[in-house]
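The values are calculated or read from the model by the stated rules, or taken from the named source; none is laboratory data. Quick caveat, the model's predicted, so the values are computed rather than measured. Ideal geometry is used to build each Cβ from the backbone, glycine not excepted, and the neighbour counts take in all protein chains shown. Accessible surface is based on the protein model in full, side chains and every heavy atom, while ligands, DNA and RNA are left aside. Shrake-Rupley method; radii C 1.70, N 1.55, O 1.52, S 1.80 Å.
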Amino acid sequence: MKRSTLSSDEKAAARAELRHHQWLAFSLVLPLLCFLLFSFIAPISTLLLRSVYHPNVQQLIPHTIALLNEWDGHDLPNNNLMIQMAIELKKLAKQREAGELAQEINRNLAGSASQIKITARQLRQIDDAILMHKGQTYLQDAHPAWRDKAIWFAIKKAGQVFTDQYYLTALDLEKNAQGKIQSRQDINLYIALFLKTLKMAFIVTGLTLILGYPLAYYLASAPARTANVLFIFVLLPFWTSILVRTTAWIALLQTNGVINASLLWLDIIKQPLPLLYNQFSTIIVMTHILLPLMILPLYAVMKSIDPCYVRAAGSLGAKPVRIFLTVYFPMTLSGLSAGILLVFILFIGYFITPALVGGTDGQLISNIIAFHMQKSNNWALASALGALLLLFIIVLYWLFDRLTDPNKLKLV
Amino acid sequence: MSSFPSYYTISHKISFVLLKLFAFLVLFFLMLPLLIVIPLSFNIEPYFSFTQGMLKLDPNAYSLKWYHAFFSTPIWLTAIKNSLFIATASALLATTLGTLAALGLSANTMPFKRFIMAIFLSPMIVPLIITAAGMFFFYAKFNLVGTYLGLILAHTSLGIPFVIITVCASLKSFDQNLYNAARLCGASPIRAFFNITFPLIKPGILSGALFAFVTSLDEIVLVLFLAGPEQRTIPRQMFSGLREQINPTILAVSTLLTLMTILLLISLSLLRRNEKAP
Amino acid sequence: MRHSLFLSILFLFSSLIGIGTPTLAEESSLTVVSFGGAYGAAQKKHMIDPYMKKTNTTILFDDYSGGVAEMKAQVEANNVLWDVVDIEAIDLERACSEGLLEVIPDSILSKGSDGVSAKKDFLPQALANECGIGLMVWANIFAFSEKTIGKTYPTTIADVFDTKKIPGKRAFRKRPQVNLEWALLADGVPKEKLYATLATAKGQQRAFAKLDTIKKDIVWFDSWSQAPQLLNDGGAVIVQSANGRIYDAIAKDKKPFQIVWDGNLYDLDVWAIVKGTQHKQAALDFITFATGSKPLAGMADIAYGPTRKSSMAYVSPNVLPFLPSSNMAQGSQADSLFWSDYGESLGEKFNEWLLKQ
């Protein structure tokens, strides 16, 4: 038997044809790919880069940093180095950049900002030629802490262009003078905040599940006409602006808002309850905002379950609880996992609602990122925290991707 | 389930009634904020709470003054203009780029399909605060922070996943043979697209555009980081109102936005019905 | 077709936009940023609106909640969006030393309405810093509402820290400035030694320890305009505030509020120009106008003292007892040099303290 084969010319033609089609399809995708590369991918990459690349201090006092890199750390730096520091600090003071240096060093050694600023202000008036000779004396006279090794370690550390220190800080770790990684001495903030965010994410996910599952079940089993009408009450809040919903909750929860006023009027309470600007309000409002996202995938799955299965199990004599646990519930698992992960992922990255209703103790990890972006201007730390959050979300999304298909969501 | 099957026992019926009760309570929880906002926006007093007069349905306790305040404050009017301008521009851009890309993605010959799809959907997954921080760093280099263009680029990125999802979904149900037939009959690719493919996937494109439009209209985090004083949008204005000076004008705005949501929902469901029709 | 509805909505929007496509950054427009609320309204009335009318320029008048962070972000990212900013002198020294502001020459200042030269007419503190021109004197005070306070009225700064005597929430602005000073004053540090004490590690610990005693009773706010609101809606029984905002609520809205001047920290607000602005000349012109005798006198509408002697001729005698200058004996001046040196360190400590449970 002779197998029919393609001649090499035909193969080449087919391959060329395929390549042509591939290229055609790709050329349709290309504009968007380029667009997103600029508008979205590059910005995220910049953020990741900023979490490890931090040349500020190196650019501010390059000569001092070069000398410090050779310093062994046993004794105080030599006079030459101190003079260099004095000269460069004076230059910064003249250009009004000493403040920036102070801010950077202060992140490594709390309290050093004032030392650097006070020194800079005093050096500003002194001639370069004098500093060349006696820079070290002026430095140490301006502030005694220049005789302490701690400040020099802090400057050396801040002078590293590529650094892992912001990731360490984001994980409440630090390097000690010997370069060993240890947990931060003074304060543990970020791990606690990550854990708090996770804890609240679990609570909110649990609440949406408890509220959402029975509602989705009821909607899926109600007659079509009733269900369609009632479904509007799920979709309407879902489509309403986040800010509108947050505003409404502020009106409900504030000190003399609707809920407190009603409770006072009904004589249930004597003093208004503190309902707003705390963890409680973050949890309630976020539950409200994310609840539709739990209901939608659950409803989609429940709607596609054939009631015959449940009836069959019933007519075979299974008790309702058993029918639910062994027949119905397993069939809703895909919708359930989709809902849980959707709510969980969105909660972890949420910013705006906690910022408005959370007060001080209802803040999440996103809010501290925004804080370091906008208030403390510690952009490298914000980037490192953001990168960690992103990594976490990607892992969760990978799970989400395996468990669900986004096309199945009924959004309208 | 108005009538219960005959084999249902009393306890079945009771549990179903309880379920129904619970479901209605949850629906009430979902609708509560909207139910509160609308009447409060007519409050004559400058507070976020019901007055005695309002509860007694005294007509003097109600007024349109916050609506009047909204329509006569230049900042709010500028905010409407800015919001609509940015949302329309980014919806148009996202729809054009997204539809083209969806056509490419739905071709069987598309290489690296999964990977490219993941990139296109990523703006939906990455937390907004991270996107906002990254864009702030990167756009500042190109002097795009504090410009309309910067905001449009940012919002377009957020709208793209929605366009990709809706257009890909309608392309899935589109019979590629129709297009091939048109090509065989001698139509150019462009003509075949506009005469055959486009009319059939139009509902998908339009609902994608609508999603992108609404996403931009409601977006606040990127606006907080990227907008200058000139680009105040409605959400931005509401945000500073909530942070600084709580005043029922925000409730009036909320009511108007809710009405718009209802209109959008109606048009979306009409679109969907249209999509099902063929 | 079914979606003609949708299309008509889209057309409606696009036609709306056609009417009013936002004007893209005009050359002549100037962005001025200040603190909003009653204060912003007074500035708008006496400085912004008259200037726009006189010179036919457009001014975007925006609010911020103080501090140097936003300016710093703009300067560091090389993307300056603000031109003129109203800064508290407590933050001015720091912003200036960190290179965030342009130097403003005194020569741009106009003569007083009585013909006296600017140098003699202005209070010396108003011209003390090369980066800013003082525009008014205000005071950090605390206030309470007769409606919510209960039987005992607070009279001293120590009462603010005494939750047994005055139970209920206290609202403070979320920053170390003023709060740390008050903590020390309430703890018995005499006002002459205030900043010397706060400069030491021990003094700082003492201040935070004092704040710790009422930490759970503090409501933090971000923007000055929230202070009278919190007092009004019962969110707090005692609020820290700028004196003008409480005065405005008493005088204009007839609120039953009372100001306590004990331990007040008075300070100046200045006009400054953000470094790297595209509109430096326009910014200077605006400052020349806004620091004239008459516009400055307008600040007394809400009981802020003008920084020029010649402005006093336009100030109503009814306001005089409410001006910070009439109550200086009970207070002291906020030290901007101290906060320039310690703002960074104490800011960080303060935030960590806040987040610590």
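Laid out as a table, the results:
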quantity: Matching residues, the range A:364-388, being under 17 Å from C:E76 (Cβ atoms), part of a helix (DSSP H, G or I) and touching a residue at least 40 places away in the same chain (Cβ under 8 Å); calculated: A:W379, A:A380, A:L381, A:S383
quantity: Some residue of the range C:102-113 being within 11 Å of chain A (Cβ to nearest Cβ) and either surrounded by 20 or more Cβ atoms within 10 Å (Cβ to Cβ) or in contact (Cβ under 8 Å) with a residue 12 or more places away in the chain (or both); calculated: yes
quantity: Identity of the residue in the range A:279-311, β-branched (V, I, T) and more than 30 Å from A:Q363 (Cα to Cα), that ends up modelled with the lowest pLDDT; calculated: A:V310
quantity: Odd one out for B:N43 among (1) surrounded by 13 or more Cβ atoms within 10 Å (Cβ to Cβ); (2) modelled with pLDDT of 90 or more; calculated: (2)
quantity: Among residues of the range C:170-224, those that are in contact (Cβ under 8 Å) with a residue 60 or more places away in the chain and not in a helix (DSSP H, G or I), counted; calculated: 14
quantity: B:N82 being of a type in the set (S, T, N, Q) and at positive phi; calculated: no
quantity: Residue that is farthest from A:G339 (Cα to Cα) [pool: residues in the range A:187-203 that are more than 14 Å from chain B (Cβ to nearest Cβ) and buried (at least 19 other Cβ atoms within 10 Å of the Cβ)]; calculated: A:Y190
quantity: Neighbours by Cβ (under 9 Å, 6+ apart or cross-chain): first from the range A:263-275, more than 10 Å from every other protein chain (Cβ to nearest Cβ); second exposed (fewer than 10 other Cβ atoms within 10 Å of the Cβ); calculated: A:L264/A:K270
quantity: Number of the exception - A:T360 against (1) within 11 Å of chain B (Cβ to nearest Cβ); (2) assigned to a loop (DSSP other than H, G, I, E, B); (3) β-branched (V, I, T); calculated: (1)
quantity: Residue check, B:F198 assigned to a helix (DSSP H, G or I), open to solvent by 50 Å² or more (accessible area, probe 1.4 Å), more than 30 Å from A:V357 (Cβ to Cβ) and out of contact with any strand residue (DSSP E or B) (no Cβ under 6 Å at 6 or more places or on another chain); calculated: yes
quantity: The range C:301-340, residues that are open to solvent by 10 Å² or more (accessible area, probe 1.4 Å) and either within 14 Å of chain A (Cβ to nearest Cβ) or of a type in the set (F, W, Y) (or both); calculated: C:Y314, C:F322, C:D335, C:S336, C:L337, C:F338
quantity: Unmet criterion (only one of (1) surrounded by fewer than 23 Cβ atoms within 10 Å (Cβ to Cβ); (2) outside the structural domain of C:P190 (by TED's automatic domain parsing); (3) assigned to a helix (DSSP H, G or I)) for C:T277; calculated: (3)
quantity: Which numbered condition A:M132 misses (of (1) out of contact with any Phe, Trp or Tyr (no Cβ under 9 Å at 6 or more places or on another chain); (2) open to solvent by less than 40 Å² (accessible area, probe 1.4 Å); (3) touching a residue at least 40 places away in the same chain (Cβ under 8 Å)); calculated: (2)
quantity: Exclusive hit being over 22 Å from B:L32 (Cβ atoms), at the interface with chain C (Cβ under 10 Å from one of its Cβ atoms) and more than 14 Å from the chain's Cα centre (by Cα), set B:R273, B:R236; calculated: B:R273
quantity: All positions within the range A:244-258 that are farther than 13 Å from A:L356 by Cβ and among the aliphatic types (A, V, I, L, M); calculated: A:L252, A:V258
quantity: Given (1) free of Cβ contacts under 8 Å to residues at least 40 places away in the same chain; (2) open to solvent by 30 Å² or more (accessible area, probe 1.4 Å); (3) within 27 Å of B:P127 (Cβ to Cβ); (4) assigned to a helix (DSSP H, G or I), number of the condition A:N228 does not satisfy; calculated: (3)
quantity: Identity of the residue in the range B:137-149, open to solvent by less than 20 Å² (accessible area, probe 1.4 Å) and facing chain A (nearest Cβ under 9 Å), that ends up modelled with the highest pLDDT; calculated: B:Y139
quantity: Hits in the range B:111-125 (condition: of a type in the set (A, V, I, L, M, F, W, C) and surrounded by 23 or more Cβ atoms within 10 Å (Cβ to Cβ)); calculated: B:F120
quantity: Every residue from the range B:44-71 that is polar (S, T, N, Q), more than 19 Å from A:W265 (Cα to Cα) and within 31 Å of the chain's Cα centre (by Cα); calculated: B:S63
quantity: Filter result for the condition that a residue is touching a Leu at 6+ places or on another chain (Cβ under 8 Å) and either at pLDDT below 90 or within 14 Å of another protein chain (Cβ to nearest Cβ) (or both), over A:A113, A:A158, A:A170, A:A102; calculated: A:A170
quantity: Wholly within the range B:1-91, helices (runs of 4 or more DSSP H) carrying at least 2 residues that are touching a Leu at 6+ places or on another chain (Cβ under 9 Å) and touching a residue at least 40 places away in the same chain (Cβ under 8 Å); calculated: B:10-40, B:65-72
quantity: Residues that are over 13 Å from A:Q59 (Cα atoms) and touching a helix residue (DSSP H, G or I) at 6+ places or on another chain (Cβ under 7 Å), drawn from the range A:81-101; calculated: A:L81, A:M82, A:I83, A:Q84, A:M85, A:A86, A:I87, A:K90, A:A93, A:R96, A:G99
quantity: Qualifying residue in the range A:167-186 (condition: assigned to a helix (DSSP H, G or I), on the phi < 0 side of the Ramachandran plot, surrounded by fewer than 15 Cβ atoms within 10 Å (Cβ to Cβ) and out of contact with any strand residue (DSSP E or B) (no Cβ under 9 Å at 6 or more places or on another chain)); calculated: no
quantity: Selection status of A:L243, open to solvent by less than 10 Å² (accessible area, probe 1.4 Å), closer than 27 Å to C:W220 by Cβ and within 13 Å of chain B (Cβ to nearest Cβ); calculated: yes
quantity: Sole residue being within 8 Å of chain B (Cβ to nearest Cβ) and part of a helix (DSSP H, G or I), chosen from A:L209, A:L235; calculated: A:L235
quantity: Residue among B:E219, B:E244, B:E230 that alone is of a type in the set (D, E), within 11 Å of chain C (Cβ to nearest Cβ) and in contact (Cβ under 8 Å) with a residue 60 or more places away in the chain; calculated: B:E230
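One line per residue, one yes/no per condition, for (1) farther than 25 Å from A:F392 by Cα; (2) without any contact (Cβ under 8 Å) to a residue 40 or more places away in the chain; (3) in a helix (DSSP H, G or I):
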| position | (1), (2), (3) |
| --- | --- |
| A:V310 | yes, yes, yes |
| A:G314 | yes, yes, yes |
| A:A318 | yes, yes, no |
| A:L325 | yes, yes, yes |
| A:F329 | yes, yes, yes |
| A:S334 | no, no, yes |
| A:L341 | no, no, yes |
| A:F347 | no, no, yes |
